[in-house]
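The values are calculated or read from the model by the stated rules, or taken from the named source; none is laboratory data. No experiment lies behind these values; they were computed from the predicted model shown. FYI the Cβ positions are ideal-geometry reconstructions off the backbone, even for glycines, and counts take in every protein chain you see.
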Amino acid sequence: MRIFVCFWILGLSGGAFSDSSEEGLRPRKYSPELCNHGEGRINYKTGVCEPERDNSPKNQPGASPSIPIVAPLPLGTCGVRRMKKSAINPDWKRIISNVPGLPVQTFYGEVPWMVRILADGNFVCGGTLIATQAVLTAAHCLTNATVKNWAVEVGEWDSSSQIEPKPTQKQTARIAVVHKDFNLLNSANNIAILFVRNPFELSETVGLMCLSDTLSMIDPKSCLAAGWGKDGQGVRKKYDYSPILRKVNLPVISNDECQRKLRTTSLGDRFELMSGFVCAGGVDERDTCQGDGGGPLYCQMKNEPNRYALYGIIAWGMGCGESNPTVFTSVPSYINWISTTLEDNIN
């Protein structure tokens with residue numbers, strides 16, 4: 001049976017956060033330059049890359065200010081990327097790129113299921129909002145026993161700015177459930193869920209992600225990874241986390257092809273890719289890097305190309321930008337664990 005799982009948990013609005021207005025925002029000197037492959041334009045007040053406004057009277061000078069992204073979706077809808085133009089070909093190269101002008105930044109609100117995981121206030125990993133009180137991530141993100149406070153933040157786009165049109169929502173994690181058989185040494189069963197006490201409020205910039213249970217339900221060439229990860233890694237140069245959420249097109253490849261490519265690295269020709277993983281990328285230096293871990297690999301649904309489903313969780317890779325595949329925890333392989341964990345831990 002083919003299913004897409006979208007978890008919607010009804011709850012009180014005790015954890016809701018109010019919307020912000022544009023009052024008090026200081027205009028910034030941004031020209032109306034095209035951004036993100038010509039599909040958007042820089043907002044002169046916020047510096048945010050937004051889908052272009054249409055030319056209807058409601059958007060003319062003097063009209064009430066509005067965010068040029070779609071209205072909140074009906075309750076229970078998942079996996080809809082907030083884009084004004086639905087048909088966009090993901091031909092940007094990679095998250096880690098120093099090529100000037102390469103369009104890797106997301107639109108403001110484009111990936112509404114994206115979550116920032118914070119350890120004692122510091123960003124450590126990405127995650128995916130799969131229920132209003134639950135964030136799916138990688139288990140390796142939560143292994144630091146010295147952390148006193150785990151928190152999750154949704155609705156973020158530019159972590160260096162405080163003047164985005166809508167406020168972010170942040171809560172301390174109530175409980176972290178790590179797969180009981182997670183192995184830090186070989187990354188087996190690298191999956192975990194963080195739960196918060198109050199439901200997050202869904203909005204133009206906060207939404208749920210669908211979960212897929214087989215490869216046959218998604219278009220493997222359409223898959224994207226997103227994150228605030230670093231531009232690279234190395235000892236001779238310091239690399240910083242990206243302040244703005246970025247994306248990269250990583251087509252899914254077979255596990256046999258992935259294993260063959262990884263055997264050409266320092267892993268050696270005897271390396272065997274364990275079950276429970278899927279791979280994507282490995283071409284054109286497209287890659288994820290440190291800080292992207294725990295984030296989503298999301299793909300277009302074959303029957304509904306305007307919607308996406310989560311197929312993988314960024315687990316590990318060999319280097320950054322070296323044309324090696326990225327390895328993901330397979331969501332279909334753990335769909336029963338995810339469902340049971342949600343049922344057992346949501347109020």
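Quick rundown of the values:
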| read-out | value |
| --- | --- |
| The one condition in (1) at pLDDT 90 or above; (2) over 27 Å from residue 214 (Cβ atoms) that residue 258 fails to fulfil | (2) |
| Out of 148, 180, 170, sole residue that is charged (D, E, K, R), farther than 28 Å from residue 105 by Cβ and at pLDDT 95 or above | 180 |
| Residue in the range 310-317 that is surrounded by fewer than 18 Cβ atoms within 10 Å (Cβ to Cβ) and modelled with pLDDT of 85 or more present | yes |
| Strands (runs of 3 or more DSSP E) enclosed by the range 237-347 - at least 3 residues per element that are among the aliphatic types (A, V, I, L, M) | 308-317 |
| Residue 197 being at negative phi and surrounded by 15 or more Cβ atoms within 10 Å (Cβ to Cβ) | no |
| Tally of residues being touching a Phe, Trp or Tyr at 6+ places or on another chain (Cβ under 7 Å) and of a type outside the set (Val, Ile, Thr) across the range 148-164 | 3 |
